[in-house]
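Visitor: One structure, as structure tokens, below. Some questions next.
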Amino acid sequence: MNGLTLHHISKSFGSVDVLKQITTHFDAGQVTAIVGDNGAGKSTLLKLMAGIHAPDEGQILLDGEVLSKRCPADHRRRGIDMVYQDLAIAKQHDVVTNLFLGREITRRWGCFLNRAAMRKTAQRELDRLGITIPDLNRPVGVLSGGQQQAVAIARAVLFNPKVLLLDEPTAALAAREVEQVLILIRQQKQQGRVVILVSHRLNDVFAVADRLLVMHQGRIKLDTPSEATTLAQIVEHIVG
Amino acid sequence: MFARILTQNPNRLSLAQCLFFLAALGVFFSFTSPYFLSVSNINNILTASAVIGLIAVGATFVIASGHIDLSSAAVMALCGTVCAWGLQKGEWSPWIALPVSVSLGGVCGLVTGFLITLTKAPSFIVSLGMMSIARAAAYIVSHGMPIYGLPDNVITGGQGAIASVPVPVLLLLTGIFLGWVLLTQTKFGLHALILGDSVFAAEATGISANRVRLKVFGVAGLYSGMAGVLFMLRTNAGDPTAGQSYELIAITAVILGGANLFGGRATIIGTMLGVLCLGVLQNGLNLLAVSTYYQILFVGMVLLAAAFLSRVGYRR
């Protein structure tokens, strides 16, 4: 089955059961938004899919194959990439370095960096995605919030992932920058990727999502196509 | 334009600051002492800086990755003592004694890195423990006394010169070159810097923080091992008390060279400029017959100035 499947996933931190028996499937070429109150388990679920946390029970399958190694490196290699809420960028390093973090282009025995090739590929891919960064050599920490977000998203889609996970991608952005991120999300959907989005900004969610999952206390409370519901109904499910 | 190039890149700004400080020291001492600019004195500065220089190259990797290693000088003393013991008492061939001693430094580094990973304790504490263990081991191996009487061929090799360049300086230059290649040209060097910049960014992108940390301390240990062997060659003895507080001078040099003490930013060239600044300062003060107590005072003041300038550069 194409796409990402979660099969009876449970996760606890100490005595707190954060996720309880989550079973669902995410189709390719579809944007799914996961919404819910704070502590509902949305970000934990995303981090499990990214390999940051390992589930206590259950399996994660990509295109029918079980992901058994449960580490970010393996999940990235298999085609699952994530944009983290705090971006997970190295702020003292330049844009090119950040784009290739953990997947540097090398020459000679795989240990010497090929900076020229990385720079060329970075420029080409940023142009393809329509992202403008004035100087790729500047430390990412000196760029604007929107530009830092763009670098994090560009890094996630640079190697054409099968699954793109986004944790609050629009939370800290100005209106114009939000629109750019939403355009990028739609592009990823059109390219046939599984796109899973966690967001508190329901207007943004309704602008891009095909399907909505409402989580409550570690369980999926509602699973609905976005056109079959309204913002008011979703808010009701979140708070109730 | 020039100012813009400097302020946009913290590394360049730090290097420029350090270079300016070195030039100022050079100009000052060349006017105050007629011997300062002589070839033999410059050789003296470089030879005297070689041991600290090697430790500082290792410390650059550790600081780049966001850690501190307080055990480097003690490990250096242990490696020098073990090498001298092997050559003198164990009758080892130099071809065995030297690599074994350098490798011992690497093993000490790996153990420190492993313990940091295992206990999740700050590197400051773990390396403090390793400092005591390594220093004690050096005392135990040597029974608390320096081991003299190394074979003639080892002393001749270690204290000689190739094309008028002293062997210690050649060893330092080799260490610098290898350190520069590792830090700037390889995946390992970049990952060490990324680890110092953001552990979460490293782990989220599949970089194994534990593995990188282990390698970083292993490399630093190898440099301590090289420094220990070099110190032994220069002094013709394996001295368990060697290099007291050298680890702090090495850290001073790295910070003076523009490294961010919290990790993520460090350069080998900057570190070497830092080592040279301290070497020139000490040599110049010696030429002016300034008391050792005041020399320590000046080194402290330089460290404070470096810490201040480092913050100025970082803010920009």
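Visitor: Considering only residues that are at negative phi, out of contact with any Lys or Arg (no Cβ under 8 Å at 6 or more places or on another chain) and among the polar types (S, T, N, Q), which ones fall in segment B:134-184?
Guide: Those that are at negative phi, out of contact with any Lys or Arg (no Cβ under 8 Å at 6 or more places or on another chain) and among the polar types (S, T, N, Q): B:SER142, B:ASN153, B:THR156, B:THR174, B:THR184.
Visitor: Checking B:GLN185 against (1) under 24 Å from B:ALA250 (Cα atoms); (2) in contact (Cβ under 8 Å) with a residue 12 or more places away in the chain; (3) surrounded by fewer than 24 Cβ atoms within 10 Å (Cβ to Cβ); (4) not hydrophobic (A, V, I, L, M, F, W, C): exactly one of these is not met. Which one?
Guide: Among (1) under 24 Å from B:ALA250 (Cα atoms); (2) in contact (Cβ under 8 Å) with a residue 12 or more places away in the chain; (3) surrounded by fewer than 24 Cβ atoms within 10 Å (Cβ to Cβ); (4) not hydrophobic (A, V, I, L, M, F, W, C), B:GLN185 violates only (2).
Visitor: If I filter segment A:111-131 down to residues being assigned to a helix (DSSP H, G or I) and without any contact (Cβ under 8 Å) to a residue 12 or more places away in the chain, which single residue comes out as farthest from the other protein chains (Cβ to nearest Cβ)?
Guide: Restricting attention to segment A:111-131, the residues satisfying the condition of being assigned to a helix (DSSP H, G or I) are A:115-129.
Add one more test, that the residue is without any contact (Cβ under 8 Å) to a residue 12 or more places away in the chain, and what stays is A:116, A:120, A:124, A:127-128.
Working: A:ALA116: 12, A:LYS120: 18, A:ARG124: 20, A:ASP127: 23, A:ARG128: 21 Å.
Residue satisfying both the conditions and the ranking: A:ASP127.
Visitor: Taking the stated definitions as given, is A:ASP56 more than 13 Å from every other protein chain (Cβ to nearest Cβ), on the phi > 0 side of the Ramachandran plot and among the charged types (D, E, K, R)? Spell out how you get there, then give the answer.
Guide: Details: more than 13 Å from every other protein chain (Cβ to nearest Cβ): yes; on the phi > 0 side of the Ramachandran plot: no; among the charged types (D, E, K, R): yes.
When the stated conditions are applied, A:ASP56 does not pass them.
Visitor: Among the residues of segment B:57-86, write down those that are surrounded by fewer than 24 Cβ atoms within 10 Å (Cβ to Cβ), out of contact with any strand residue (DSSP E or B) (no Cβ under 8 Å at 6 or more places or on another chain) and more than 20 Å from B:ASN210 (Cα to Cα).
Guide: Across segment B:57-86, the qualifying residue is only B:GLY86.
Results for (1) closer than 15 Å to B:ALA56 by Cα; (2) among the hydroxyl-bearing types (Ser, Thr, Tyr); (3) buried (at least 24 other Cβ atoms within 10 Å of the Cβ); (4) in contact with a strand residue (DSSP E or B) (Cβ under 9 Å, 6 or more places away or on another chain), shown as yes or no for each residue.
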position: B:LEU256; (1), (2), (3), (4): yes, no, yes, no
position: B:ILE269; (1), (2), (3), (4): yes, no, no, no
position: B:VAL290; (1), (2), (3), (4): no, no, no, no
position: B:TYR293; (1), (2), (3), (4): no, yes, no, no
position: B:ILE296; (1), (2), (3), (4): no, no, no, no
position: B:GLY300; (1), (2), (3), (4): no, no, no, no
position: B:LEU303; (1), (2), (3), (4): yes, no, no, no
position: B:LEU309; (1), (2), (3), (4): no, no, no, no
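Visitor: Another question about this same structure. For segment A:51-61, enumerate the residues that are more than 15 Å from the chain's Cα centre (by Cα) and of a type in the set (A, V, I, L, M). It would help to see each step written out before you state the result.
Guide: Residues of segment A:51-61 more than 15 Å from the chain's Cα centre (by Cα): A:54-61.
The answer is A:ALA54, A:ILE60, A:LEU61.
Visitor: Additional query: For A:ALA33, work out the one condition from (1) touching a helix residue (DSSP H, G or I) at 6+ places or on another chain (Cβ under 7 Å); (2) within 30 Å of A:LEU143 (Cα to Cα); (3) within 14 Å of another protein chain (Cβ to nearest Cβ) it doesn't fulfil.
Guide: (3)
Visitor: If you don't mind, there's one more thing I want to ask. Could you list, in sequence order, the residues of segment B:200-221 that are away from every other protein chain (no Cβ under 14 Å), of a type in the set (A, V, I, L, M, F, W, C) and surrounded by fewer than 24 Cβ atoms within 10 Å (Cβ to Cβ)?
Guide: Here is the first cut: in segment B:200-221, the ones away from every other protein chain (no Cβ under 14 Å) are B:213-214, B:216-218, B:220-221.
Now drop any that are not of a type in the set (A, V, I, L, M, F, W, C), which leaves B:214, B:216-217, B:220.
Correct list: B:LEU214 only.
Visitor: Restricting attention to segment B:23-46, which residues are assigned to a helix (DSSP H, G or I), among the hydroxyl-bearing types (Ser, Thr, Tyr) and in contact (Cβ under 8 Å) with a residue 24 or more places away in the chain? Before the answer, list the steps.
Guide: At the first step, the residues of segment B:23-46 found to be assigned to a helix (DSSP H, G or I) are B:23-32, B:39-46.
So of that shortlist, the ones also among the hydroxyl-bearing types (Ser, Thr, Tyr) come out as B:30, B:32, B:40.
Passing the criteria: only B:THR32.
Visitor: So is B:VAL280 touching a residue at least 40 places away in the same chain (Cβ under 8 Å) and within 16 Å of B:GLY179 (Cβ to Cβ) or not? First the steps, then the outcome.
Guide: Values: touching a residue at least 40 places away in the same chain (Cβ under 8 Å): yes; within 16 Å of B:GLY179 (Cβ to Cβ): no.
Answer is no for this residue.
Visitor: Out of all the residues in segment A:203-212, is one or more farther than 24 Å from A:ILE9 by Cα and free of Cβ contacts under 8 Å to residues at least 24 places away in the same chain?
Guide: Within segment A:203-212 (the criterion being farther than 24 Å from A:ILE9 by Cα and free of Cβ contacts under 8 Å to residues at least 24 places away in the same chain), the answer is no, since none of the residues qualifies.
Yes/no per residue for (1) in contact with a Cys (Cβ under 7 Å, 6 or more places away or on another chain); (2) without any contact (Cβ under 8 Å) to a residue 60 or more places away in the chain; (3) not basic (Lys, Arg):
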{"residue": "A:VAL16", "(1), (2), (3)": "no, yes, yes"}
{"residue": "A:ASN38", "(1), (2), (3)": "no, yes, yes"}
{"residue": "A:GLU57", "(1), (2), (3)": "no, yes, yes"}
{"residue": "A:GLY64", "(1), (2), (3)": "no, no, yes"}
{"residue": "A:ALA73", "(1), (2), (3)": "no, yes, yes"}
{"residue": "A:GLY79", "(1), (2), (3)": "no, no, yes"}
{"residue": "A:ALA88", "(1), (2), (3)": "no, no, yes"}
{"residue": "A:LYS91", "(1), (2), (3)": "no, yes, no"}
{"residue": "A:PHE100", "(1), (2), (3)": "no, yes, yes"}
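Visitor: Restricting attention to segment A:1-22, which residues are under 19 Å from the mean Cα position of the chain (by Cα) and assigned to a strand (DSSP E or B)?
Guide: Pass one, segment A:1-22, residues under 19 Å from the mean Cα position of the chain (by Cα): A:2-6, A:9, A:19, A:22.
Passing the criteria: A:LEU4, A:THR5, A:LEU6, A:ILE9, A:LEU19, A:ILE22.
Visitor: Check whether at least one residue in segment B:233-240 is surrounded by fewer than 24 Cβ atoms within 10 Å (Cβ to Cβ), within 14 Å of another protein chain (Cβ to nearest Cβ), in contact (Cβ under 8 Å) with a residue 40 or more places away in the chain and among the charged types (D, E, K, R), and report yes or no.
Guide: Among the residues of segment B:233-240, not one is surrounded by fewer than 24 Cβ atoms within 10 Å (Cβ to Cβ), within 14 Å of another protein chain (Cβ to nearest Cβ), in contact (Cβ under 8 Å) with a residue 40 or more places away in the chain and among the charged types (D, E, K, R), which makes the answer no.
Visitor: In addition: Of the residues A:ARG219, A:ARG138, A:ARG176, A:ARG128, which single one is in contact with a Lys or Arg (Cβ under 6 Å, 6 or more places away or on another chain) and surrounded by fewer than 18 Cβ atoms within 10 Å (Cβ to Cβ)? Reasoning before the result, please.
Guide: Numbers: A:ARG138 fails: in contact with a Lys or Arg (Cβ under 6 Å, 6 or more places away or on another chain); A:ARG176 fails: in contact with a Lys or Arg (Cβ under 6 Å, 6 or more places away or on another chain); A:ARG128 fails: in contact with a Lys or Arg (Cβ under 6 Å, 6 or more places away or on another chain).
Being in contact with a Lys or Arg (Cβ under 6 Å, 6 or more places away or on another chain) and surrounded by fewer than 18 Cβ atoms within 10 Å (Cβ to Cβ) holds for just one of A:ARG219, A:ARG138, A:ARG176, A:ARG128, which is A:ARG219.
Visitor: Would you check if B:THR252 is without any contact (Cβ under 8 Å) to a residue 60 or more places away in the chain and more than 14 Å from chain A (Cβ to nearest Cβ)? Before you say what the answer is, go through the steps one by one.
Guide: Values: without any contact (Cβ under 8 Å) to a residue 60 or more places away in the chain: yes; more than 14 Å from chain A (Cβ to nearest Cβ): yes.
It is true that B:THR252 is without any contact (Cβ under 8 Å) to a residue 60 or more places away in the chain and more than 14 Å from chain A (Cβ to nearest Cβ).
Visitor: Going through A:THR106, A:THR44 one at a time, which residue ends up being closer than 21 Å to A:THR5 by Cα and either touching a Leu at 6+ places or on another chain (Cβ under 8 Å) or assigned by TED's automatic domain parsing to the domain that holds A:THR5 (or both)? Break it down stepwise before answering.
Guide: Working: A:THR106 fails: closer than 21 Å to A:THR5 by Cα.
Being closer than 21 Å to A:THR5 by Cα and either touching a Leu at 6+ places or on another chain (Cβ under 8 Å) or assigned by TED's automatic domain parsing to the domain that holds A:THR5 (or both) holds for just one of A:THR106, A:THR44, which is A:THR44.
Visitor: Then there is this: If we keep just the residues of segment A:90-110 that are in a helix (DSSP H, G or I) and more than 9 Å from chain B (Cβ to nearest Cβ), which is farthest from A:ALA152 (Cα to Cα)?
Guide: Result: A:VAL96.
Visitor: Inspect segment B:116-127 for any residue being at pLDDT 95 or above, among the hydrophobic types (A, V, I, L, M, F, W, C) and surrounded by 15 or more Cβ atoms within 10 Å (Cβ to Cβ) and give the result as yes or no.
Guide: The answer is yes; a qualifying residue exists.
The values are calculated or read from the model by the stated rules, or taken from the named source; none is laboratory data. Bear in mind the structure is a predicted one, so any value in this text is a computation, not a measurement. Backbone-built Cβ (ideal geometry, glycine too); neighbour counts: all protein chains shown.
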